[in-house]
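Step one of this worksheet: look at the structure below.
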Amino acid sequence: DAIVMMDPEGRVSFWNPAAESIFGYRREEVLGQIVHQFLAPERYHDAYHKAFPEFHRTGRGNAIGKTLGVHARCKDGTEIATAISLSAVRIQNQWHAVGILRNETERQAREQELKRLATTDHLTGLANRRHFLGGMELELERFKRYAKPTALLMLDLDHFKQVNDTYGHATGDAVLKHFASITLTVLRRTDLVGRLGGEEFAALLPDTDLDGALHLAERLRWALASLPLPLEEGRKVALTVSIGVTPFFPADSEVNVILIRTDQALYRAKQTGRNRVEVEIPD
């Protein structure tokens, strides 16, 4: 860990080898320098100027005795995430500060990657089944509380098995990624799109009534039919999708009720010719 000590004027009085390694400044470069001027990004400067007089007088402050997550600026100009623990030390009737800083950049990157792996489908980059259903649970609770219109799309690629049998599984994977890309382009950033399994996908549409959901479903259906997947030698794989649509209703007690209803609409779209959108409304 980097250990940095500041004198009562906020100047560096101690800078250990770990601080040299983490921040890129040699000890000789920083001793006697105001620490916040070279180590703290500018967005922290106002808070420092407001807090330092209190610390100078009393040795107290909101950051003293705590571990905080902040960013620090290295010699090369890059910012890194750090965890800093600040302590006050009284020497000859004056307050000095000691900061112990740990570089958190790699740990945070690992956490983000683990979160990504836990919540996304490895092939398409969409939400995986577990994450999507969790999003549905939250949206259903929001719907019950605020009664804002919400809708669900269930999407299934038509004749996907035939694609795999004709072109191979590598092309099948490319089809799934192609469909995911089109879906993210057509739908909105506020919509949650997930791969439930195989060639079956779903899209959760917050703040969307039935008319809006049908409009998005038709746009998506048309976009996929209009954009076949290009292969080598000028060949293309024509693709279509069947879509089931249902809005949320006050009587919906759990997520499974909505999923079953949307699946019924999808089944009807498949049975009545594919490449179409069907709606299911509860009795």
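Here are the numbers for the structure shown:
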{"read-out": "Mean-position separation - Cα centroids, the range 178-220 and the range 28-91, in angstrom", "value": "46 Å"}
{"read-out": "Given charges at beta-carbon only (K, R positive; D, E negative), |dipole| of the chain in Debye", "value": "520 debye"}
{"read-out": "Listed values [x] 1.50; [y] 1.39; [z] 1.08, entry calculated as Cα Rg over 2.2 N^0.38 Å", "value": "[x]"}
{"read-out": "Nearest 10 degrees, 0 to 90: helix 255-271 Cα axis against the chain principal axis", "value": "40 degrees"}
{"read-out": "Residues whose placed amide H lies under 5 Å from that of V237, excluding near-sequence neighbours", "value": "L229, L231"}
{"read-out": "Loop-located trypsin sites (Lys or Arg not before Pro) in the range 227-283 whose Cβ has at most 15 other Cβ within 10 Å (DSSP)", "value": "R235, R274"}
{"read-out": "Surface share of carbon and sulfur [accessible, 1.4 angstrom probe, percent] for the chain", "value": "51 percent"}
{"read-out": "Heavy-atom surface of the chain, accessible at 1.4 Å and reported per residue (Å²)", "value": "56 Å²"}
{"read-out": "Two-site label geometry, H159 and S85: point separation in nm, points 7 Å out along Cα→Cβ", "value": "6.6 nm"}
{"read-out": "Cα extents of the range 141-283 along the three principal axes, largest first (Å)", "value": "54, 30, 22"}
{"read-out": "Difference of contour (0.36 nm per residue) and Cα-Cα distance, Q94 to E106", "value": "0.6 nm"}
{"read-out": "Debye-sum result for the range 34-118 in log10 I(q)/I(0), which assumes one identical scatterer on each alpha carbon, at q = 0.10, 0.17, 0.20 Å⁻¹", "value": "-0.31, -0.78, -0.98"}
{"read-out": "Accessible area, probe 1.4 Å, largest first, for residues W15, W222, W95", "value": "W222, W95, W15"}
{"read-out": "Mean residue ellipticity (222 nm) of the chain, computed from DSSP H runs ≥ 4 via -39,500 (n - 2.57), nearest 500", "value": "-13500 deg cm²/dmol"}
{"read-out": "Listed residues G234, G212, G65, most fluctuating in the chain (Gaussian network, C-alpha, under 10 Å)", "value": "G234"}
{"read-out": "Accessible area of Y48 in the full protein assembly, 1.4 Å probe (Å², nearest 10)", "value": "50 Å²"}
{"read-out": "E28 accessible area, assembled protein chains, probe 1.4 Å, Å²", "value": "130 Å²"}
{"read-out": "Trypsin sites (Lys or Arg not before Pro) lying in DSSP loop within the range 129-165, provided at most 13 other Cβ fall within 10 Å", "value": "none"}
{"read-out": "From phi via Karplus (6.51, -1.76, 1.60), per-residue ³J(HN,Hα) for the range 123-140 in Hz, x at Gly/Pro", "value": "7, 9, x, 7, 4, 7, 4, 5, 5, 5, 5, x, x, 5, 4, 5, 5, 5"}
{"read-out": "Most to least accessible of H122, H56 (protein chains only, probe 1.4 Å)", "value": "H122, H56"}
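The values are calculated or read from the model by the stated rules, or taken from the named source; none is laboratory data. Everything numeric in this text was worked out from a predicted model, so none of it was measured. Backbone-built Cβ (ideal geometry, glycine too); neighbour counts: all protein chains shown. The protein model used for the area step is the full one, side chains on, heavy atoms only, and it has no ligands, DNA or RNA in it. Shrake-Rupley method; radii C 1.70, N 1.55, O 1.52, S 1.80 Å.
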